[in-house]
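K.L.:
Got a structure here, written out as structure tokens. Questions coming.
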Amino acid sequence: FEGVRAYDTVNGTAIFRLQEHTQRLFNSGKILRMKIPFSVEQVNEAQRAVVKANGLKSAYIRPLIWIGSEKLGVSPKGNQVHLMVAAWSWGAYLGEDGLKRGIRVKTSSYTRH
């Protein structure tokens, strides 16, 4: 799955880095040998459509892929890859107080090898 945010802007709802999030979803599926039966653009459009259909101005979007249950066993071969998109209203991640007063952040250097 991916976790994508949409924000209410003066120009309407804007989905933050939609292309990058969707590409990462496809890359994750590829690593797991899941062939997603849709194009990147179709998944992008599905995310836009879900936000619009639900009248969301600021939202959390969750595209999710999974392997179906057509067959049970150690190998996923023979199972279909499914995709869904959910979206719901989600305000400020760190609360309204964080928006008003700001937050304190500490960062640490970390290198993944």
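K.L.:
If I ask for residues that are open to solvent by less than 30 Å² (accessible area, probe 1.4 Å) and part of a strand (DSSP E or B), which ones from segment 61-70 would you list?
P.N.:
ILE61, PRO63, ILE65
K.L.:
Oh, and also: If a residue has to be of a type outside the set (Lys, Arg), farther than 21 Å from ASN27 by Cβ and more than 19 Å from the chain's Cα centre (by Cα) to count, how many in segment 69-93 make the cut?
P.N.:
So the answer is 7.
K.L.:
Got a number for residues in segment 71-113 being open to solvent by 100 Å² or more (accessible area, probe 1.4 Å) and in contact with a helix residue (DSSP H, G or I) (Cβ under 7 Å, 6 or more places away or on another chain)?
P.N.:
Selection size over segment 71-113: 0.
K.L.:
Take THR13 and decide whether it is polar (S, T, N, Q), in contact with a strand residue (DSSP E or B) (Cβ under 6 Å, 6 or more places away or on another chain) and surrounded by 12 or more Cβ atoms within 10 Å (Cβ to Cβ).
P.N.:
yes
K.L.:
Checking GLU20 against (1) touching a Ser or Thr at 6+ places or on another chain (Cβ under 6 Å); (2) assigned to a helix (DSSP H, G or I); (3) surrounded by fewer than 17 Cβ atoms within 10 Å (Cβ to Cβ), which test does it fail?
P.N.:
Of the numbered conditions (1) touching a Ser or Thr at 6+ places or on another chain (Cβ under 6 Å); (2) assigned to a helix (DSSP H, G or I); (3) surrounded by fewer than 17 Cβ atoms within 10 Å (Cβ to Cβ), the odd one out for GLU20 is (1).
K.L.:
I would also like to ask the following. For LEU56, all conditions in the list (1) among the hydrophobic types (A, V, I, L, M, F, W, C); (2) under 15 Å from ASP8 (Cα atoms); (3) outside any loop (DSSP other than H, G, I, E, B) hold save one; what is the number of the exception?
P.N.:
The failed condition is (3).
K.L.:
Which condition does ARG33 not pass, out of (1) under 12 Å from the mean Cα position of the chain (by Cα); (2) in a loop (DSSP other than H, G, I, E, B), if it passes all the others?
P.N.:
(1)
K.L.:
A further question follows. Sort out which residues of segment 6-46 are farther than 18 Å from GLY91 by Cα, among the polar types (S, T, N, Q) and touching a residue at least 40 places away in the same chain (Cβ under 8 Å), and write them in order of number.
P.N.:
THR22
K.L.:
Can I ask one more? Being within 14 Å of ARG5 (Cα to Cα), open to solvent by less than 70 Å² (accessible area, probe 1.4 Å) and out of contact with any helix residue (DSSP H, G or I) (no Cβ under 7 Å at 6 or more places or on another chain) narrows it down to one residue among SER58, SER28, SER39; which is it? Lay out the reasoning, then the answer.
P.N.:
On the way: SER28 fails: within 14 Å of ARG5 (Cα to Cα); SER39 fails: within 14 Å of ARG5 (Cα to Cα).
After ruling out the rest, the residue left standing is SER58.
The values are calculated or read from the model by the stated rules, or taken from the named source; none is laboratory data. None of the values given here were measured: they were computed from a predicted structure. With ideal geometry, Cβ positions are generated from the backbone for all residues, glycine too; neighbour counts draw on all protein chains shown. Note: areas computed on protein heavy atoms with side chains; ligands, DNA, RNA excluded. Shrake-Rupley method; radii C 1.70, N 1.55, O 1.52, S 1.80 Å.
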